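Asker: I have a structure I would like to understand better, so I am pasting it below and will then ask my questions one at a time.
Values quoted throughout were computed directly from the atomic coordinates according to the rules given, and no laboratory measurement underlies them. Just so it is clear, the model here is predicted, and its values are computed rather than measured.
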Amino acid sequence: MRPTIASAVDTFLDMALLPDLQGLIDQAARRHGVPGAAVAVGTGDQLAEAATGVINLNTGVAATPDSLFPISSVTKTWTAALVLQLAHQGRLDLDDPVRLRREGAWWAAGE
């Protein structure tokens, strides 16, 4: 059985556990229909990185380990998940107006 990225990351013993990182990212991108991806796994001073596909389907620019990808609206999902976690912890109420939470926020400075 071949190691997966998850099993290698969980153990973090040696970057030698990731000999086929490029193959794993290529396979995952094909399986999930992802046009391009970059991944880096590090521990201590060791780093394994790989990239596959393209950054943008319109331009066809190849992805590299240093590529920056536009994240579009992905942060909306992360923000919603964080807000729901805070509500679950009782740190905010979903019915609170935003103005109750803005005091001291960087985006409210100067108001």
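Asker: Projected area of the stretch 45-93, taken from the Cα convex hull and averaged over every viewing direction, in nm²?
Answerer: Computed as one quarter of the Cα hull surface, the answer is 5.9 nm².
Asker: Still on this model: Quick one: length gained pulling Leu92 to Arg30 fully straight, 0.36 nm per residue minus the C-alpha distance?
Answerer: Taking Leu92 through Arg30 to full extension adds about 18.2 nm, to one decimal.
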